[in-house]
Each structure stands twice: as structure tokens, then as C-alpha cells.
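Enquirer: Can you read through this structure? Questions will come right after.
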Amino acid sequence: MTAPDMRSLWGGPVTPDCFLTTFLRHVADDPDREAVVDAEGSHTYAGLAAWARAVSDDLAAVGVRTGDRVAVSLPRGAAAVAALLGVMLRGAAYVPLDPEYPVDRLQFMVDDCAPRAVVAPDDTPVHYDGPLVRVRPAPEVSGVPDAPAVACDPELPVYVIYTSGSTGWPKGVALSHRCVDAMADWQASHSPRRDLRTAQFAPLNFDVSFQEILGTLCGGGTVVVMPEELRREPARLLRWLADQRIERLFVPFVALQMLAVTARPATLAELRLVEVNTAGEQVVCSDDIRSMFAALPGCRLVNHYGQSESAMVTSHILGPDPYAWPHLPPIGVPLPGCELLVDPEDPDTPHIGELLVTGHPLSEGYLGRPELTAERYVDIPRSPAGHTRAFRTGDLVELTDDGVRFLSRMDSQTKIRGIRVDLLEVDAQLLADPGIAAAATALVTTRSGHTSLRAAVVPRAGGNGPSEADALARLRTVLPEVAVPVSVTELPELPRTPSGKIDREAVVKLITEDLGRRRRERGGRG
């Protein structure tokens, strides 16, 4: 397939400022403005800049130079934000090591990225023979700290993020200033205001955390770090959002759904949200989510799409009437500097095919994985926007009047008896049941090797969910027979990945365990 055979969407040219330059401009213009807040206290732009400069100086003292990598293993908080900026001010690439991750996985990441230094507490379980740097307490600040010279070469790596790998071990991807500067500048300018008070919700090993932190600090806003214990407590999280006067929130769909299920009119009336962004998995506009946003008329819902290999790619703002939203909203149109190409499956349907990403969001490839890089990052004939290299996302999409609509993964397309079934459509219909708070549909293979469509649901708190028979009967009235699951397993909650998305592999495991229990019970009665 050649580039002229592909459909193209171009976000237009972009010439963003370096996010470090923009941050330091805010430090100079409004040094006393609140920059970051956590459970320990609040720090101004001047204070955060001085703290970051201290980290940068400590890294310089142990020999870290421009272009080196520095791994940082700190819990979410103001110190982690200062460390992030300190590494970047030094011109090094920041490698997040979430302390909540398994130690073996963190050790693999350290060994794989070969950092020049590690920023971590003295008791870190990670083994490293090089310099170990501790983040000192925030220094006292008087006036505006001197602005250091910053390295902002467009090709200079800003961070290395590790994403899931088919071998069971993660693979590292380095994102350059060209990618990150465009993302941060777009986020600051795209929101209703540049200086929004933003919750820092995402785990630091999830690339949305850079969008939260850098997009906020580039706009002169305030980053408010959410306490970790609220991640799975939606009622307390809603209370915290109100108490902290949060205006912008980034959450994966399953967390948004649980907030919507939990929300009460009195709590919603206290919220100051003007923008909620969801990313990482396809959002399903359930009745709960529609009702929540109907009660927040000043707040918009924005669907984002991207991958670790290419940062932010597309965005779609849903319309002002939540009750007119589609079940599965599109992922939208490309950001400035981004070009999307659709490589069609069938020449007769050129608007449906694999999505390729090129332009500013594109990273250089996988760290130390040349064969995989050559497989996924491909040379193409010159595109309509003039690009010659693109990333194959593995996502099947459709071009529509509203931009791009995500259909499925290419490597896990779901076909049953030759008919394509959209698992997300099944999820959406399950969520339409007033007794169901969360749902996930998956293909499950039994011990005998038979594969069938199965579903898992979480009943609404304080009430009883529908019986399995009732749930399946209702689905038969709205879905073709081939799309109706064989069974519905009730769970206390849906398992999630470390980034907060639905862990569908874990869902399959729990459904399989439920099927085994049912089989044993039938045998016991027999």
C-alpha cells in the first residue's frame, strides 16, 4: 500500500514554544502564583522553579549531562513534579518508575534504560550501581530565581515511557521535544482557559501524567495532586474535587463511569469542573455519564486518543446536549502538527483501515529494539502533508464526517461466525440497564478450546443488578443474536490496569473462574 492510496487528515502546521521556556516565563511573570499542591502543602511558581533547579544542580554534580537518562522513583506529589522539571532542565530524559509497580518490573526498566542516575529514596528496592540522588526538601525562596539556560532541541528526548510488550516485559519509547512541546502547547490553548486548576490523577508511568502536569504548567495553571487512596473511592473523589475547586480532570472511561454512577445532584452542584478529558480506552456514553454532564452545564467532555509511541494524536469535543451524544463517540480530528493516514483493509472501503500516525507526535522508536522499531515505524512515500515516516498503530478506524472513529484492534478483531462484533457496543447496551454500574465484554476460550462471547458486570451499589437471564433477554431485544454474550458474570468491581483502564485479560480470567465454579456446581448436583 502506498501513501497516495491512503486517506489523510492533517491537523495543520504548528510551531510551539519549548514548554520549559513557557514555564520559566510564568515564573518570571507571576512568581507567587500557585503552581502545585499536594497533601503536604502548596508551592508557588517561583518555589517550584527553585526546587527544580536544585534537583538539576544535584544531577549535574553526579555527572548527568544533556541527552542522558535519569530514572525517577517517587510517589505522586510535589516532589515528583519538581524532580520531573529538574531532570528536564538538565536536558536529560526523565524515566518514571512508579513505586507502586512490582519490583521486578521496575528493575527491568532500570536495567533496560541504563540511566546515568536514579532519583529515589535511600530505601528504594531497585538495585543500581550508579549515583542515587535524593530530592531535598523544597528550598526557601525570596524573589524570582535565576532562569537557567535550557536545552530545547526539537530532537532531544524529554522522557522515556514504558508500554506493555508482547513478551510480557515492557518496551521503552523516547518522546522528544518536538512531540512533547506540541502536546503541552495544544493542551494549554485548547482548554476553556489556559490557567485551569487541574487534578493530577494519572499514575506517573502513564503518559497522560505529562499532559496533566506540563499542559497545566505551560498555561500558568495549578497542578493539584490527588491522594492515592481516592483512586477507587469515587464518592470521596467527588468530594475532593469539590473541596479542591478542581476545574479540569483527566480520567479513563471506567473511572468516569464510576464517578457518574456515584454522583448525586448536591455534590455535582458544588463542582467547578469546566472540562473532563478521557483517554486510554474507548469512552461509552452511558445514561449515567449523560445525566452527570446534564447536571454540569458549564463542563464539557473531551475524548482523547493517542499511544505511548506518538503522544497525543486526536481530540473530539462532545456537543452541548449530553442526551444527543452517541453511545461510542469518535476519537476526533488530529492535533496541530499531526497527520493521520488510513491504510484500507479493502479498496472498496478506503475510509476503513489501519490508522497510521506521523508528524510532530511521532517518536523515534523503541529503546534498544531495532527489529520491533522497523516493524512498527515504517517508511512511506511522501504523504499529502510531506511526511515520509509513520507509526502503525494496529488500530482499525473509520473516517467519518466527525473525524476518526475507533473500531477495534487489528490484532484482536472480534469476528463470530464470520460477523464482526463490536465489544464496546455490547458494553454500551449492558450499561443501558439501570441496575448495572460497569460492564466489560470479552472473548473467552474454555478448556476444551471453544471460544465464545462472555460479559462481566458490576451491579449498582445499594441495589440488585439484573439476573443473568434478564440481562441476556434485554440484550436480545437490542443486539443481533451473534452479539449476545453466552453468559454474564457478576463481579464486585472490574479489574483495572495500573493506568486505570479496564484490564480485559483479568476480566477473562475472572469469567473463566466463574465458568469453572458453575461447572463444578452442576457436577455436584449431578
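The values are calculated or read from the model by the stated rules, or taken from the named source; none is laboratory data. Just so it is clear, the model here is predicted, and its values are computed rather than measured. All Cβ positions, glycine included, derive from the backbone under ideal geometry; neighbour counts span all protein chains shown.
Enquirer: Considering every residue within region 430-448, establish whether at least one is over 15 Å from Glu513 (Cα atoms) and at pLDDT below 85. Let's see the steps before the verdict.
Expert: Here is the first cut: in region 430-448, the ones over 15 Å from Glu513 (Cα atoms) are 430-441.
Then keep just the ones that are at pLDDT below 85; that gives none.
No, the conditions are met nowhere in region 430-448.
Enquirer: While we're looking at this one, here's another question. Check Thr278, Thr267, Thr262, Thr222 and return the single one that is under 18 Å from the mean Cα position of the chain (by Cα) and either modelled with pLDDT under 95 or not small (Gly, Ala, Ser) (or both).
Expert: Thr278
Enquirer: Modelled with pLDDT under 95 and either in contact with a Ser or Thr (Cβ under 8 Å, 6 or more places away or on another chain) or crowded, with 24+ Cβ neighbours inside 10 Å (or both), is that true of Ser8?
Expert: Details: modelled with pLDDT under 95: yes; either in contact with a Ser or Thr (Cβ under 8 Å, 6 or more places away or on another chain) or crowded, with 24+ Cβ neighbours inside 10 Å (or both): yes.
Against the criterion (modelled with pLDDT under 95 and either in contact with a Ser or Thr (Cβ under 8 Å, 6 or more places away or on another chain) or crowded, with 24+ Cβ neighbours inside 10 Å (or both)), Ser8 qualifies.
Enquirer: Hey, can you tell me all the residues within region 79-119 that are of a type in the set (Ser, Thr, Tyr) and at pLDDT 95 or above? Can you show your working first?
Expert: Taking region 79-119 as the starting set, the residues that turn out to be of a type in the set (Ser, Thr, Tyr) are 94, 101.
Listed by number, the list holds a single entry, Tyr94.
Enquirer: Hey, another quick one. When residues of region 30-58 are filtered for being surrounded by fewer than 20 Cβ atoms within 10 Å (Cβ to Cβ) and under 22 Å from His177 (Cβ atoms), how many remain?
Expert: Residues that pass the stated criteria total 1.
Enquirer: Among the residues of region 186-218 satisfying the criterion of being at pLDDT 95 or above and of a type in the set (D, E, K, R), which is surrounded by the fewest Cβ atoms within 10 Å (Cβ to Cβ)?
Expert: Arg193
Enquirer: Among residues belonging to region 345-367 that are in contact with a helix residue (DSSP H, G or I) (Cβ under 7 Å, 6 or more places away or on another chain) and not hydrophobic (A, V, I, L, M, F, W, C), point out the one that is farthest from Arg69 (Cα to Cα).
Expert: Only one residue tops the list, namely Glu354.
Enquirer: Can you confirm whether Leu453 is within 30 Å of Leu318 (Cα to Cα) and either modelled with pLDDT of 90 or more or out of contact with any His (no Cβ under 9 Å at 6 or more places or on another chain) (or both)?
Expert: No: the conditions fail for Leu453.
Enquirer: How many of the residues in region 369-387 are among the polar types (S, T, N, Q) and assigned to a helix (DSSP H, G or I)?
Expert: Of the residues in region 369-387, 1 are among the polar types (S, T, N, Q) and assigned to a helix (DSSP H, G or I).
Enquirer: Only residues that are hydrophobic (A, V, I, L, M, F, W, C), in contact with a Cys (Cβ under 9 Å, 6 or more places away or on another chain) and in contact (Cβ under 8 Å) with a residue 60 or more places away in the chain: list them for region 235-281, please.
Expert: Scanning region 235-281 gives a single hit, Val274.
Enquirer: Considering every residue within region 63-71, establish whether at least one is out of contact with any strand residue (DSSP E or B) (no Cβ under 8 Å at 6 or more places or on another chain), in the same structural domain as His127 (by TED's automatic domain parsing) and outside any helix (DSSP H, G or I).
Expert: yes
Enquirer: Continuing with this model, one more query. Given the conditions (1) among the charged types (D, E, K, R); (2) under 30 Å from Thr373 (Cα atoms); (3) touching an Asp or Glu at 6+ places or on another chain (Cβ under 7 Å), report the number of the one that Lys171 does not fulfil.
Expert: Checking Lys171 against (1) among the charged types (D, E, K, R); (2) under 30 Å from Thr373 (Cα atoms); (3) touching an Asp or Glu at 6+ places or on another chain (Cβ under 7 Å), the one that fails is (3).
Enquirer: When only residues in region 320-340 that are of a type in the set (A, V, I, L, M, F, W, C) and farther than 23 Å from Asp422 by Cβ count, which is farthest from the chain's Cα centre (by Cα)?
Expert: Cys338
Enquirer: Further, regarding this structure: When only residues in region 89-125 that are surrounded by fewer than 19 Cβ atoms within 10 Å (Cβ to Cβ) and of a type in the set (A, V, I, L, M) count, which is nearest to the chain's Cα centre (by Cα)?
Expert: Val103
Enquirer: Something else: Assess whether Tyr128 counts as being touching a Pro at 6+ places or on another chain (Cβ under 8 Å), within 16 Å of Ala93 (Cα to Cα) and of a type outside the set (Lys, Arg).
Expert: So Tyr128 fails the test.
Enquirer: Considering only residues that are at positive phi and surrounded by 13 or more Cβ atoms within 10 Å (Cβ to Cβ), which ones fall in region 437-491?
Expert: None - no residue of region 437-491 is at positive phi and surrounded by 13 or more Cβ atoms within 10 Å (Cβ to Cβ), so the list stays empty.
Enquirer: Output the number of residues of region 71-97 satisfying the condition of being of a type in the set (Ser, Thr, Tyr) and more than 17 Å from Pro148 (Cβ to Cβ).
Expert: Our first condition is that a residue be of a type in the set (Ser, Thr, Tyr); within region 71-97, this holds for 73, 94.
When the remaining residues are screened for being more than 17 Å from Pro148 (Cβ to Cβ), the result is 73.
The total comes to 1.
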